[in-house]
Amino acid sequence: MNKRKLNEVKEAEFEESNLADQNKMEAEEDEAKLTVPDGGYGWFVVFGCFLLHVVTGGIERSDGVFFLQLTSRFGQSAQLTSWPGAIMSTLNLCLGPIAGAICNRHSVRTSVMIGGLLMATGCILNGFASNFYFLFFSHSLLVGAGRGLSYAPSLIIVAMYFDKRRALATGIGTSGVGIGTFLLVPIAQFLFDNYGFQGAFLIFGGIALNTNVAAMVYRPLSMHYRFMKRSRTRIYSVDHVDAAEAIVASETISEIGSLWSLQTNPVEIRRTQEIRSLTSSNDTNIIATDLGKEPFLGNNWCTTALKICFPTEVKNSNDKKSRKLCHFYLLKNSSFLFYCLSMWVFSMAMKSGYTFIPALVNSKGITDSKASLVLSITGVVDCVSRIGAGFLLDLKLLRRHRLLIYTAVILALSCVVFILPSMDSFTSFLVTCCVFGFFTGIYVSQKSVILVDILDIQHMTNSLGILICFQSFGTLLGPPLSGAVKDYFGTFAEAFYLNGGFMVAAGVLMFASNMCLGIQGRTRNLRE
């Protein structure tokens, strides 16, 4: 008898264990069944990305105008005058990992909203700079940090919302830089001419606040995930429940289209065909809400408003690793490492180019207004090239060759930079700079797409942060180095020749990345 009872107990325990394992597997399968919108509301996200790039890109591309104004106002050397803009761009990029951590912990919207406020504050304080060194705080630190908390999250959320159309969506979103260059560069020159140094920067502070408008359309992707549920759901808002369980009549819910943040201790709901009253209304206060809608929390209206404005991403059970700040183990991937090094060297040249092109044009006897017009028209070409490249590189015929095309673009840019100093008329500068803008538009817009090709979308948030960290080193060193070369030789020609050499080196490093990726693919195929 004892043996029989022992066997029965063991069988019962075995069945319970199997049932628990099965439930766990089903839960994991439910979490894994995610769908990427690849359109729909994703196009509103692209519009937000576009608007943000109009503002941030326009401010960055106005560095050439700022350089001329700062030189005129404070009378410092070219090397020293280039430092505030260089540090601003560096912070814009090196804060990528911190922005990624905020996105993982809270949401993209939160990061961009904070960034917009910092950027606007910095622009306003620029107007009250009494000496040159104050700009290291207002322009470099505040504007740079604000752009840093806005830039990477915008690329991340577009990549998350799209799969098959990722290159096109990214191209359209980042094409805002070209429009921003076309609009804000001549506007900057107009503002300085008509409203003076202080008035121009005050207006730029108002323009910077438009990034917060873009942030409001960055809805968390979890609201578009569709988890396949079979037998249970949750109450999302409960003041307090004294009973053991709440039982609600409902049919089995197969899909939940949108989830908002949970309360601290969510209560399980067991489905039956009847509603059973557990307690009187005096004992329990349960707020009935529809799934996907944020409840009103009684007197906590401020908390409710904040949760509506700043919804958080719903995390999977295995998301603890994604909350780490640094994921430098990704650099063990040789293809990714060479890509980062290429980005570092290339950024030294590109940032210097946009900073010193107006000064180079001006040194040939061309007026300031025409020099800013060159950059403005370059922005239009930049915009068109981003959208066109996004469309073409999504085609099946070209998709597999994206990395090689990317390498060719870098080498073509090096040729353009080498010939820029030999131009001596407005028309020749305009044509050459348009070619420069065409290739830089392709390069910058497809940066995150190439990153996904090298790694995968799961590593997008963390790898993009690392990549733009390397890019930040280039933007920090490039303009001051070019300024020092100009101060030493007396002309900008030698600085542009140096930058052309940097671009050749970047192309060689990118080719090495292609080779490593090919070797990794062949090794993987042999193992399989």
(request) Quick one: which residue in I179, I187 is within 29 Å of L395 (Cα to Cα) and either among the basic types (K, R) or more than 13 Å from the chain's Cα centre (by Cα) (or both)? (result) I179
(request) Give me the pairs, please: first residue somewhere in the stretch 412-438 and in the same structural domain as L498 (by TED's automatic domain parsing) and within 15 Å of K370 (Cα to Cα), second residue anywhere and among the polar types (S, T, N, Q) and in a helix (DSSP H, G or I), beta-carbon distance under 8 Å, and either six or more positions apart or on two chains. (result) M423/T432; C433/T378; C434/T378
(request) Among residues belonging to the stretch 32-51 that are part of a helix (DSSP H, G or I) and over 14 Å from A169 (Cβ atoms), point out the one that is modelled with the lowest pLDDT. (result) A32
(message) Can you find a residue that is touching a Leu at 6+ places or on another chain (Cβ under 6 Å), hydrophobic (A, V, I, L, M, F, W, C) and touching a residue at least 12 places away in the same chain (Cβ under 8 Å) anywhere in the stretch 61-72?
(response) no
(request) May I ask you to list pairs of residues, at least six apart or on different chains, whose Cβ atoms are under 6 Å apart, with the first in the stretch 348-370 being in the same structural domain as A86 (by TED's automatic domain parsing) and the second being among the basic types (K, R) and buried (at least 24 other Cβ atoms within 10 Å of the Cβ)? (result) Y354/R61
(message) Which numbered condition in (1) assigned to a helix (DSSP H, G or I); (2) surrounded by fewer than 24 Cβ atoms within 10 Å (Cβ to Cβ); (3) out of contact with any Ser or Thr (no Cβ under 7 Å at 6 or more places or on another chain) is the only one that Q76 fails?
(response) (1)
(message) Here is a check on your reading of the model: is S138 in a helix (DSSP H, G or I), within 30 Å of L392 (Cα to Cα), at pLDDT 85 or above and among the polar types (S, T, N, Q)?
(response) no
(request) Please find, within the stretch 342-369, the residue that is surrounded by the fewest Cβ atoms within 10 Å (Cβ to Cβ) out of those that are in a helix (DSSP H, G or I), among the hydrophobic types (A, V, I, L, M, F, W, C) and more than 28 Å from the chain's Cα centre (by Cα). (result) A359
(message) Being surrounded by 22 or more Cβ atoms within 10 Å (Cβ to Cβ), within 24 Å of V374 (Cβ to Cβ) and within 21 Å of the chain's Cα centre (by Cα) is true for just one of T56, T90, T81. Which residue is that?
(response) T56
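The values are calculated or read from the model by the stated rules, or taken from the named source; none is laboratory data. This structure is a prediction, so every number in the text was calculated from the model and none was measured. We place every Cβ from the backbone using ideal geometry, glycine too, and count neighbours over all the protein chains shown.
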